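Trainee: Handing you this structure, nothing more for now.
Values in this text are rule-based calculations from the coordinates and carry no lab data. Predicted model, so just to flag it, every value in this text is computed and none were measured. Every residue, glycine among them, receives a Cβ derived from its backbone with ideal geometry; neighbour counts consider all protein chains shown.
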Amino acid sequence: MGTRFRLFVQPPFEDARSSPEIVEVSSPLGSLKAGPADDCMFVLEPVGKSRPYGVNRGPLGTPYIYLPPWTGKVLEPAASDEYGNFDHLQPWMPGFEAAHVFGCVRFTLDVWERFLGQPIVWHFHDHFDRLQISILPQWNNAQYGYGFLEIGSQFEKDGRVLPFSLDFDVIAHEVGHAIIFSVLGVPQPEAEYPEYLGFQEAVSDCVSLIAAMHFPSVIDNVLMETRGNLYRANRLARFSEFSPHRQIRSASNKRTMADFVHGWKDEHELSQPLTGAIFDILVDIFHESLVARGLISRAVEDLADIAEFDQAAEAQVQHAFDRAFARNSDGFVEALLDARDIVGTYLAETLWALAPDFLDYGDVARAILAIDRDESGGQFARIISRNFRRRAIGELHAGVHLKGGEHRSHVHSARILLPTDHLELPKMNYRERVLLSRQTGR
Ligand SMILES: [Zn+2]
């Protein structure tokens, strides 16, 4: 028996009517401690932690590496009910956010550990046994790094504060980074290509997307909304809308590598061609599966491909999907779950096949094609190559970084930072160290 949590599939600030669903995760009932906490991770709500982990500045301005553990005060941890479940916690109760974050992380790990074929081993296991998950309501981001997952909030112009702790997509995306580091490891600084950073973001988005597709309500809603015509705006295509970088991320986008050959500014932006290609592969495999099941005709499938670029064909396609969906909606659900599992399996196998040094999108495309050959004898080779070709992936490459210059070390990113990277930083003098220890209680 697993442990029950109450999870928002759509954050309440996106849709005021959304209420959390009761979900069972794999943690054996009764195994979780207050936090929630288990042998591999724990949630805490620090009091007075004003800065996120990563490279910080000391009181006199010297940069230093700030890593867990948090040794200061914390809020009362979330406790289970008498049976060991956490679904007694309601959104207005203290501890709900902590339980929600834990539930989302565990749910995402459950999905991806199945695809990967084994439990993930944290990339920081040399230094820490457990992942420290902290909720920082005053911080405007979310990040995973060496030993930590930190979840902040989005500050809206109208003054609203939207806690990412209630946003499944954001949390699952950060778990995506954890999975990539666990399977691939961290690149050597001099071997890190820009496309490696874009790859991190794209795959993390896909980890989140495919995890969300394991909520039956997501599948039902998406199909009700689109009748299976997934190129229409829907929950899947805009799944990362409420993330810290929502302005520049969408699974359904038209960016190609041609947009980045002369340089790039932000890895989330650079991730778009790869995310878009993988999303389109998922949709095409789904359509293919509908044809194979006799649910739509080949002619409709061909028209759907044209409608992506031709507005006039769109109404006709929608009409055909409406009719087909009304005839056999269960068949549509099965086809979509199949497509989800094929892409999930292929991505997990791709992670196992890749190495982080000198990684570019072309390597990703070649790995997926090779896996398709092994798994299905190349059943989807045409779909896969077409979608990568459309994005000029493997053909054109990201140019120089226009904002941060060359990345010659890990110090540019809290996520990629390793404890040994402190050797690159200047040494702090005694006085600053004392002032810092007073400030941070370390
Ligand atoms: Zn990210």
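Trainee: How tilted is helix 272-292 with respect to the longest principal axis of the chain? Cα atoms for both, answer in degrees (0 to 90, nearest 10).
Mentor: 40 degrees
Trainee: So if R0 is 30 Å, what FRET efficiency would D220 and M93 give, r being the distance between their Cβ atoms, rounded to the nearest 0.05?
Mentor: Efficiency for this residue pair is about 0.60.
Trainee: Could I ask something else about it? So what is the relative contact order of the stretch 193-390, in percent, for Cα pairs below 8 Å that sit 6 or more residues apart?
Mentor: Normalised by residue count, the contact order of the stretch 193-390 is 26 percent.
Trainee: A further question on this structure: Can you give the direction-averaged projected area of the convex hull of the alpha-carbon atoms in the stretch 346-396, in nm²?
Mentor: 3.4 nm²
Trainee: Once you sort the root eigenvalues of the Cα gyration tensor of the stretch 51-165 as a ≥ b ≥ c, which label holds: rounded (a/c under 1.5), prolate (a/b larger than b/c) or oblate (the other case)?
Mentor: It is oblate, given that a/c is not under 1.5 and a/b is not larger than b/c.
Trainee: Explain nothing, just the number: relative contact order of the stretch 283-349, from Cα pairs under 8 Å at least 6 residues apart, as a whole percent.
Mentor: Computed over the stretch 283-349, the figure is 40 percent.
Trainee: Counting other Cβ atoms within 10 Å, which chymotrypsin sites (Phe, Trp or Tyr not before Pro) in the stretch 62-115 have at most 13 and lie in a DSSP loop?
Mentor: Filter output for the stretch 62-115: Y83, W92.
Trainee: What number, in nm² with one decimal, is the all-direction average of the projected area of the convex hull of the alpha-carbon atoms of the stretch 193-390?
Mentor: Mean projected area of the Cα convex hull: 10.9 nm².
Trainee: Something else: For M41, what residues show an amide H to amide H distance below 5 Å, using hydrogens built from the backbone and excluding near sequence neighbours?
Mentor: For M41, whose amide H was placed from the backbone, the distant partners under 5 Å are L131.
Trainee: Quickly estimate the mean residue ellipticity at 222 nm for the chain, helices only: each DSSP H run with n ≥ 4 gives -39500 (n - 2.57), and the total goes over all residues, rounded to 500.
Mentor: The helix contribution divided over the chain gives -13500 deg cm²/dmol.
Trainee: Okay, next question. How much length is gained if the chain between R298 and L337 is pulled fully straight, taking 0.36 nm per residue apart and subtracting their Cα-Cα distance, in nm to one decimal?
Mentor: Length gained, R298 through L337: 12.0 nm.
Trainee: Here's something else I'd like to know. What percent do you get for the relative contact order of the chain when only Cα pairs under 8 Å and 6+ apart count?
Mentor: Contact order relative to length: 17 percent.
Trainee: Determine the dipole magnitude for the chain: charges of +1 sit on the beta-carbon of Lys and Arg, -1 on that of Asp and Glu, nothing else is charged, the reference point is the Cα centre, and the result goes in debye to the nearest 20.
Mentor: That gives a dipole near 1140 debye.
Trainee: Of K157/K265; K157/K254; K73/K427, which ones are farther than 26 Å apart at the Cα?
Mentor: Pairs exceeding the cut-off: K157/K254; K73/K427.
Trainee: How much net charge surrounds P91 when only the other residues with a Cβ under 15 Å from the Cβ of P91 are counted, with Lys and Arg +1 and Asp and Glu -1?
Mentor: Summing Lys and Arg as +1 and Asp and Glu as -1 gives -4.
Trainee: Along each principal axis of its Cα atoms, how long is the chain end to end? Whole angstroms, biggest number first, please.
Mentor: 74, 54, 45
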